[in-house]
Structures are given as C-alpha cells and as structure tokens.
Amino acid sequence: MIEENIFFFVLFGIIGVSAEVFFVSITNIFKKKDRCLKGHSSLWMFFIYGIVYLIILFGRTYFSDYSIFLRGLIYLVLIYALEFTSGSLLKKFKAIPWDYRKDTKYNFRGIISLEFLPIWYVGGILYELLYLFLKSHLVF
C-alpha cells in the first residue's frame, strides 16, 4: 500500500508540474505574444500537485456513490482549499511561486483565482479518471 501511495503521489506531482509548464507556455503566446513556448513552474508545485492524489483518494473513499460531476465540485473546493492553504503558507515564508494579482481579475489576495475554476473542476475529474484507470491496470 505504501508503494502505491508513493507512486501516485509522485505521478500526480509530475503530471501536475508538466501540465502547468505546458499551460504557462501556451498562455504566454496570447498574454505576452511569446511564441518561444517557454513554460515554468516551481519545485513547490510538485508537492502541491502530489497532494492532489490525497484529495482524489478522499473523494473516492467517501463520495464514490455520488456522480462524477458532484465529485468534480468536491474536488474543486478541496483543490482551492489546498491552493489557498499552501499559497498562504508559502507566502508567509516569501516562497510563493505565483501571484494572481498580476494576471487575473478575480483573485483573492493573489493566492487563488476564480479564473481557474473550470481548470480545477475538469482537472479533478481527469485526475480521478486517471487514478481509476491506473488502479485497475497496475499491480502493486
């Protein structure tokens, strides 16, 4: 069981950071007119995205009888809570790698932004589907 948890934590961390780098490089085309496709992230994000695995595990454990769309809302709320908590902690130590005040209109203290609501909603559902697929195809 411990090997499985470590595997999914690391996998979710890698996928999250990779998706973030991809997302930043694509949005820079439109926001900064930068066609070099330069993306970036922070090592802190690896751990934050890894924790999303625990959110998915929580959702599957306690809300598996609910529809995937309702679980998506649960994941959305928990991902925002994770982003706010981790962002507040990192901000306290002057280590927060993002500041939404610069780039988004609807943000709270620069730590969370409503503009990412559809991404966190769909992302939570996609993470769950990936988890279920791998869980049914891998042997630990």
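The values are calculated or read from the model by the stated rules, or taken from the named source; none is laboratory data. Since the model is a prediction, treat every value here as computed from it, not as a measurement. Please note: Cβ atoms are built from the backbone with ideal geometry, for glycine as well, and neighbour counts cover all protein chains shown.
Scanning segment 60-109 for residues that are more than 16 Å from Phe47 (Cα to Cα), modelled with pLDDT of 95 or more and among the polar types (S, T, N, Q), which turns out nearest to the chain's Cα centre (by Cα)?
Asn107
Just name the residue that is surrounded by the fewest Cβ atoms within 10 Å (Cβ to Cβ) out of those in segment 36-50 that are of a type in the set (Gly, Ala, Ser) and not in a helix (DSSP H, G or I).
Ser42
Each row is one residue, and each column tells you yes or no for (1) under 27 Å from Asn5 (Cβ atoms); (2) not aromatic (Phe, Trp, Tyr).
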site	(1), (2)
Gly39	no, yes
Phe47	yes, no
Phe63	yes, no
Leu78	yes, yes
Phe93	yes, no
Ile112	yes, yes
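So which residues in segment 69-115 are of a type in the set (Phe, Trp, Tyr) and surrounded by fewer than 16 Cβ atoms within 10 Å (Cβ to Cβ)?
Those that are of a type in the set (Phe, Trp, Tyr) and surrounded by fewer than 16 Cβ atoms within 10 Å (Cβ to Cβ): Phe69, Phe84, Phe93, Tyr106, Phe108.
Here's a check for you: in segment 116-140, which residue that is in contact (Cβ under 8 Å) with a residue 40 or more places away in the chain and aromatic (Phe, Trp, Tyr) is surrounded by the most Cβ atoms within 10 Å (Cβ to Cβ)?
Tyr127
This table checks each residue for (1) more than 23 Å from Pro118 (Cβ to Cβ); (2) in a helix (DSSP H, G or I); (3) aromatic (Phe, Trp, Tyr).
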site: Val52; (1), (2), (3): no, yes, no
site: Ile56; (1), (2), (3): no, yes, no
site: Ile74; (1), (2), (3): no, yes, no
site: Ile79; (1), (2), (3): no, yes, no
site: Phe84; (1), (2), (3): no, yes, yes
site: Ala95; (1), (2), (3): yes, no, no
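Only one of Ile55, Ile119 is closer than 20 Å to Val21 by Cα and within 17 Å of the chain's Cα centre (by Cα); which?
Being closer than 20 Å to Val21 by Cα and within 17 Å of the chain's Cα centre (by Cα) holds for just one of Ile55, Ile119, which is Ile119.
Identify all residues within segment 30-66 that are in contact with a Ser or Thr (Cβ under 8 Å, 6 or more places away or on another chain) and either at positive phi or acidic (Asp, Glu) (or both); write none if there are none.
Matches in segment 30-66: Leu37 only.
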